[in-house]
Amino acid sequence: MKKAALRKEFLQKRKDAGEPWLTESNALIARNLEKYVRENRFKTLHTFLPQLGSREVHTFYIIELFRAALPEMRIAVPYIVPGTRDMKHFLLTPDTHLVVNQWKIPEPDPVTSQSILPQEIDIVLVPLLAFDRSGYRVGYGGGYYDRFLPQTRPECIRMGLSMFEVSDNIDDIHELDIPLDACITPAQLYHFSH
């Protein structure tokens with residue numbers, strides 16, 4: 001299928017999902033991710049923050065879980081530079097002041113938050129709507145992560161989080177699309193080789 005059709009289909013699936021299913025899916029994703037992160041001893045994790053009202057994977061739940069279970073790990077989050085398709089990155093601490101941007105996404109206040117370089121990140125949690133067996137994903141169409149991911153070190157893990165299982169193939173892959181290394185769903189961990 002093409003990205004536009006998959007985007008529409010999975011936005012509708014997310015919209016139609018019941019609250020108990022969403023809650024359980026988020027808990028299972030968090031548990032699978034915690035196991036993976038603990039086994040790999042990452043020092044710095046970068047995560048997206050969910051768009052308010054979008055029913056995305058609830059990364060605030062994951063952040064709280066990691067703060068309790070892995071307090072030594074640093075957590076970073078993105079900030080979209082206004083008027084561009086670029087992101088800057090800041091550490092997220094209990095004291096970080098978050099501001100909601102025009103897309104209803106909470107972001108760290110760049111004036112009061114501590115910046116971090118993409119090269120310092122060990123694992124990036126990548127937002128998506130769908131993903132295929134080759135590790136390509138359907139995002140929201142802005143291209144922010146396709147610009148950001150090449151700035152990280154080659155050994156940095158690009159990890160998708162999906163409430164839904166794998167799709168067969170995304171037909172309209174672009175040469176600038178960056179594939180995932182892995183993706184975590186409620187049911188399992190997918191690894192992709194490139």
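Assorted remarks:
- For Ile173 and Lys8, the difference between the fully extended length at 0.36 nm per residue and the C-alpha to C-alpha distance is 57.7 nm.
- Whole-percent P(r), the stretch 131-194, all Cα pairs, 10 Å bins from 0: 21, 56, 23, 0.
- Between Asn40 and Asp86, the modelled label-to-label distance comes to 2.7 nm, taking each label 7 Å out from Cα in the direction of the beta carbon.
- Cα lying deepest toward the dipole's positive end in the stretch 3-191, options Tyr136, His58, Ile29, charges on Cβ: His58
- Each semi-axis of the equivalent ellipsoid for the stretch 3-191 is √(5λ) with λ an eigenvalue of the Cα gyration tensor; in descending order they amount to 23, 19, 18 Å.
- Structure-based [θ]222 nm, the chain - -39500 (n - 2.57) summed over DSSP H runs of at least 4, per residue, nearest 500: -8500 deg cm²/dmol
- Take the Cα of Glu19, step 7 Å toward its Cβ, do the same at Glu165, and the gap between the two points is 2.8 nm.
- Across the stretch 16-33, rounded Karplus estimates of 3J(HN,Hα) from the backbone phi angles (6.51 cos²θ - 1.76 cosθ + 1.60, θ = phi - 60°) give 7, 5, x, 4, x, 5, 4, 4, 5, 4, 4, 5, 5, 4, 4, 5, 5, 5 Hz, Gly and Pro being marked x.
- Longest exposed-site-free window of the chain, the sites being trypsin sites (Lys or Arg not before Pro) in a DSSP loop that have at most 15 other C-beta atoms within 10 Å: 134-194
- Distance between modelled label sites at Lys104 and Ala68, nm, 7 Å Cα→Cβ extension: 2.8
- Amide hydrogen neighbours beyond the local backbone of Gln51, cut-off 5 Å, H modeled: Glu56
Just so you know, all these numbers are worked out from the coordinates, no wet-lab data involved. Fair warning: this is a prediction, and the values are worked out from it, not measured in the lab. No Cβ is skipped: glycine too gets one built from the backbone with ideal geometry, and neighbour counts run over all protein chains shown.
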